[in-house]
Each structure stands twice: as C-alpha cells, then as structure tokens.
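The values are calculated or read from the model by the stated rules, or taken from the named source; none is laboratory data. Just so we're clear, the structure is a prediction, and the values are computed from it rather than from any experiment. Cβ: placed from backbone, ideal geometry, glycine included. Neighbour counts: every protein chain shown. Heads up: the accessible areas ignore ligands, DNA and RNA and are worked out on the full protein's heavy atoms, side chains in. Shrake-Rupley method; radii C 1.70, N 1.55, O 1.52, S 1.80 Å.
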Amino acid sequence: MLDQRRLPGEEIYLTLTTPEAVADAIRDMAIRGAPAIGVAAAMGLALGFARPDGREDPLVRFERLARLLAATRPTAVNLFWAIDRMRTRFNRERREPGRDLTAALIEEALAIERDDVQANRAMGRHGAALLADDCRVLTHCNAGALATAGYGTALGVVRAATEQGKRVAVYADETRPFLQGARLTAWELQKDGIPVTLLTDGMAGHLFQKKAIDVCIVGADRIAGNGDVANKIGTYQVAVLAQAHGVPFYVAAPISTVDLSLPDGTAIPIEERDPGEVTHLAGTAIAPAGVRAINPAFDVTPARLVGAIITERGIARAPYDRSLPALCRAAVPAR
Ligand code: MRU
C-alpha cells in the first residue's frame, strides 16, 4: 500500500503481510479515506484467512479477523459495509461442501476493489453534469484516487468533467490537522495536470466573499438516512459558508457510504484522535507543552445544507429520507 503519511515528500509502498499490519495501517492512516479503508479491510480479512492459525475453526477465525479490522476506525461506514460483504460471501461458501474459503475471500476482496473503481467512474459521469464549463470547485480533505480504490469520489467528479473537456479549477482546503488537502489532494491533482490552488481552512470565507467559488464538492464517511453527512472535520463550516453565499454544496459518495440504519447524523460515531495531531506538526510542537487540545476527526453537515448527493446510481436530492432509500433499493445498473 502506498503510505499516505509520507506523501507528498516520498512515494513509499508498504508490504503488509499480516492482518494486524493492515489494521495498524488503517488506524495510523497509512491508508485512509472511507472507500479505501473498506477495500483495505477486505484485503486484510482475506490475508488473515490465508494464513491459518493452528486448528482454529474457520468461523471463529473469520469473526476474530472481522473484529480486529472493525476496531480500527469508527466513522467511515464503508469499513463495516466491506466486512459485512465479506461475511455474506464467507457464510454462503462455507455451507457448500468442499469450497476453498480462502480463494473465495480473496476473490470477494478483489471484487470490492473493482466495484469501487467502477462506482467512482459512474459517480463521475453523474456528477460532471452538475459542473459548468470554466468553474471553480472548492473541496475539503481528500476524496480522490488516494481515498478510494482509484479515480475518487469528489475528485472523480472533477476528473470526469475535465475528461469531458470542461475547464475545472480546484481550490483545496489544507484540512487541518492531518493536512489531507495540502498533502494529498494537491499532490494527486497536480500529478493529473488539473489546476489546483491550496488555501488554509480559514481562508475559505474570504474566497466566498470574493465570489471565487462556484461550487463545493466533498466526499463522505457516513450518510444517515435523512441525508446528514459525516465528513472530515471542517466540512460543516464549508457547507455553512456555501449556503450563506448561495453556492451549491454537493457530496459525492458511493451507496456503500449510506447508512440507512441511522435515522439522522446525531447517531454517527465521531472518531476522536490523538490531540498530539493538533499540538504537533510533523513531530514539531506548535503549541505550548501541556496545553489542552481537542481532535474530533469528523463533523456532521445537516441535510438541509446539502444540495445533492452524487452516487454511482444517480443523484439524490431532498427530501433525502425518500431519495436515498430509493437509490439504495434501485437495481445496480448493468456495467
Ligand atoms: O480521516 P480520513 O483522511 O480517512 O478522512 C477522509 C475523509 O473525510 C474523506 O473526505 C472521506 O473519507 C471520503 S473519501 C472518498
């Protein structure tokens, strides 16, 4: 796995040979971004299953690995969705005599990876229709190829519009404290030759006032049944600014990010990370020793601020408590 903690300075690939190493890579954010976390967890499960531990019963082994990987990060529902999809396949296969369970789990993990790229491309096609030629897009965090199995969700929409010949320029919030915007979004857009301008999170209001933003597109870690969206900390203030300035605010996310079991965003678990990520930058203290700091990694943007949710099955609009269940039930379009 490409170690995202080292970007943009170094492109280092990690070889993870145990499920524990995969779990650590997810927890420590070597791999991050909701869909990428799900794909990595599925691969970690398959990897763990491929290395038998004595005479452990297969079902006990599967559930032990599932618990290990599920305990890494709490907010992105794609993690639990991917583990559930692996469990469904596992339970189906183990009821058939003579099945190679390891081969089946590897196949399912690779299918999850493949499906994610296809979903991102479909999302890109739907979302590109919302972008005018010559537009300026504000994004927050990194919802790009790095955060997925490839192509990206919010940045997938930007990529698709660019591929259609539209001129799209991206403003990337640096995204304190982990700097996914500065380190990752700027890196991958620059690599693709898509114009990108970096700003600190506090500069966004000024840009809105100057009418420099035409549209906002962000990703999501979990979307409740009513359309409330959990995404990287700082997303909510972007949505409030967008509304105050009459700028559309869109969310791009696969159906695997929608959690219909939660009626609204108040029940979404928000990950609290080490305050050291706030008081220190690349190992250097930027605050006085001993100062109290908080580090909620996500916030919830209420559905009323969300102009549209772009999925691989089409675009959901308010009222989301009707449009999201309809999309979740919709047959998956033929590839
Ligand atoms: O803490 P991170 O870097 O995993 O958070 C990532 C985000 O908040 C992304 O915007 C979200 O996962 C969508 S990625 C397509």
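Some observations on this one:
- Scope the range 205-223; condition outside any helix (DSSP H, G or I) and away from the ligand (no atom under 15 Å from the Cβ); matching residues: LYS210, LYS211, ALA212, ILE213, ASP214, VAL215
- Condition broken by MET86, with the remaining ones in (1) surrounded by fewer than 17 Cβ atoms within 10 Å (Cβ to Cβ); (2) under 21 Å from the mean Cα position of the chain (by Cα) satisfied: (1)
- Test for ASP133: is it open to solvent by 10 Å² or more (accessible area, probe 1.4 Å) and in the same structural domain as VAL247 (by TED's automatic domain parsing): yes
- When the criteria are applied in full, GLU63 fails the requirement of being out of contact with any helix residue (DSSP H, G or I) (no Cβ under 8 Å at 6 or more places or on another chain) and open to solvent by 60 Å² or more (accessible area, probe 1.4 Å).
- Tabulated pairs, the range 268-295, first farther than 20 Å from ARG27 by Cβ, second open to solvent by less than 40 Å² (accessible area, probe 1.4 Å), C-beta under 6 angstrom, 6+ apart or interchain: ALA287/THR279
- Conditions (1) open to solvent by 10 Å² or more (accessible area, probe 1.4 Å); (2) farther than 16 Å from THR148 by Cα; number of the one not met by ALA122: (2)
- Of residues in the range 169-187 being open to solvent by less than 10 Å² (accessible area, probe 1.4 Å) and not hydroxyl-bearing (Ser, Thr, Tyr), the one farthest from the chain's Cα centre (by Cα): VAL170
- Which numbered condition SER261 fails, given (1) more than 16 Å from the ligand (Cβ to nearest atom); (2) open to solvent by less than 50 Å² (accessible area, probe 1.4 Å): (2)
- Subset of the range 227-247 that is in a loop (DSSP other than H, G, I, E, B) and open to solvent by less than 60 Å² (accessible area, probe 1.4 Å) - its residue that is farthest from the ligand (Cβ to nearest atom): VAL247
- Taking each residue of the range 245-259 that is charged (D, E, K, R) and looking for partners that are open to solvent by 10 Å² or more (accessible area, probe 1.4 Å) with beta-carbon atoms closer than 7 Å, six or more apart or interchain, yields ASP259/VAL77; ASP259/ARG222.
- Criterion applied to LEU131, LEU65 was being at pLDDT 95 or above, closer than 18 Å to GLY219 by Cβ and away from the ligand (no atom under 15 Å from the Cβ), and the one residue passing it is LEU131.
- Criterion violated by GLY9 - all others in (1) open to solvent by less than 10 Å² (accessible area, probe 1.4 Å); (2) closer than 22 Å to LEU155 by Cβ; (3) small (Gly, Ala, Ser) satisfied: (1)
- Subset of the range 255-270 (residues that are part of a loop (DSSP other than H, G, I, E, B) and in contact with a Lys or Arg (Cβ under 9 Å, 6 or more places away or on another chain)): LEU262, ILE268, PRO269
- Selection status of GLY152, part of a loop (DSSP other than H, G, I, E, B), closer than 22 Å to ALA239 by Cβ and within 17 Å of the chain's Cα centre (by Cα): yes
- Criterion violated by ILE106 - all others in (1) part of a loop (DSSP other than H, G, I, E, B); (2) touching a residue at least 24 places away in the same chain (Cβ under 8 Å); (3) open to solvent by 70 Å² or more (accessible area, probe 1.4 Å); (4) not charged (D, E, K, R) satisfied: (1)
- Put simply, of ASP201, ASP228, ASP192 the only residue that is touching a Lys or Arg at 6+ places or on another chain (Cβ under 6 Å) and of a type outside the set (S, T, N, Q) is ASP201.
- Whenever a residue of the range 8-34 is over 17 Å from THR148 (Cβ atoms), its partners that are among the hydroxyl-bearing types (Ser, Thr, Tyr) and open to solvent by less than 40 Å² (accessible area, probe 1.4 Å), lying with C-beta atoms within less than 6 angstrom and at least six residues away or across chains, give the pairs ALA23/THR72; ARG27/THR72.
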